[in-house]
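Since the structure comes first, as structure tokens, the remarks are kept for the end.
The values are calculated or read from the model by the stated rules, or taken from the named source; none is laboratory data. Bear in mind that the values here come from a model prediction, so they are computed numbers and not experimental data. No Cβ is skipped: glycine too gets one built from the backbone with ideal geometry, and neighbour counts run over all protein chains shown.
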Amino acid sequence: VLVYMWPIVTGLISAGYCTMTIWNFYKTGRQLREVLSIHAGLNSSRYIRLMALASMELFATIPLASWVIWINSHESPVFPWKSWADTHSGFGRVDVYPKVIWSSTSLFIMTTELQRWLTISCAFVFFVFFGFADEARKHYRQAYTSVASRLGVTTTSGSLESTGSSKGGVAVRVSTYN
């Protein structure tokens, strides 16, 4: 249980910061808009995205970590501590079980698949929050232009044209979203 308690502890700490941030956002919304209008590098979409990510963390971390503690306490026995030698015995051993054995329990299947896919889904959620931002799209456009120029294709506003000879040049229409 002690190993699995740290996500709950950090979740509670971040829950405190998240609720204070949301409360201050609604309490001082006018002041925030004034600060955002003064500083060119700040905008409300960045702040709202960050608050939405913090809120998702608030509603996902504590329940998921609590569920993991409950599963581990009910499904696997807790052995009394004897010594460090006993604790570290067989530490490098990796047991291999056929799927017939580990797939016989639906709870084990669910926890295994959750462990596999949760990290990937968290990466997608993070990308959704920050990968579609204006700044990120600007960097994608710069990378695309750099790669296209190395391939001999010039990019202009809304179209691509070949930089080869004028005969047989290929023009491709690409719509850009600004």
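Annotations
- Whichever residue in the range 1-11 is in a helix (DSSP H, G or I) and either of a type in the set (V, I, T) or touching a Gly at 6+ places or on another chain (Cβ under 7 Å) (or both) and, among such residues, is farthest from A133 (Cα to Cα): V3
- Of everything listed in (1) surrounded by 10 or more Cβ atoms within 10 Å (Cβ to Cβ); (2) closer than 30 Å to M56 by Cα; (3) of a type outside the set (V, I, T), the single unmet condition for S103 is (2).
- For the range 17-42, the set of residues classified as part of a loop (DSSP other than H, G, I, E, B) and either within 26 Å of the chain's Cα centre (by Cα) or not hydrophobic (A, V, I, L, M, F, W, C) (or both) consists of T28, H39, G41, L42, listed by residue number.
- Residues in the range 62-92 that are surrounded by 10 or more Cβ atoms within 10 Å (Cβ to Cβ) and polar (S, T, N, Q): S66, N72, S73, T87, S89.
- The condition of being part of a helix (DSSP H, G or I), in contact (Cβ under 8 Å) with a residue 12 or more places away in the chain and in contact with an Asp or Glu (Cβ under 7 Å, 6 or more places away or on another chain) holds for only one of S66, S45, S14, that being S14.
- For the range 1-16, the set of residues classified as surrounded by 10 or more Cβ atoms within 10 Å (Cβ to Cβ) and either hydrophobic (A, V, I, L, M, F, W, C) or more than 22 Å from the chain's Cα centre (by Cα) (or both) consists of M5, W6, I8, V9, L12, I13, A15, listed by residue number.
- Residue check: D95 meets all listed conditions (1) assigned to a helix (DSSP H, G or I); (2) surrounded by fewer than 12 Cβ atoms within 10 Å (Cβ to Cβ); (3) of a type in the set (D, E) but one, namely (1).
- Every listed requirement among (1) of a type outside the set (A, V, I, L, M, F, W, C); (2) in contact with a Gly (Cβ under 9 Å, 6 or more places away or on another chain); (3) in a loop (DSSP other than H, G, I, E, B) is met by P80 save one, (2).
- Within the range 17-26, the set of residues being exposed (fewer than 14 other Cβ atoms within 10 Å of the Cβ) and of a type in the set (A, V, I, L, M) comprises just one member, M20.
- R116 vs. criteria surrounded by fewer than 11 Cβ atoms within 10 Å (Cβ to Cβ), at pLDDT 80 or above and not β-branched (V, I, T): yes
- Neighbours by Cβ (under 8 Å, 6+ apart or cross-chain): first from the range 69-89, closer than 15 Å to L2 by Cβ; second in a helix (DSSP H, G or I) and not hydroxyl-bearing (S, T, Y): I69/M5; I69/I8
- Within the span defined as the range 49-61, every residue fails to be surrounded by 11 or more Cβ atoms within 10 Å (Cβ to Cβ), more than 30 Å from D134 (Cα to Cα) and not aromatic (F, W, Y).
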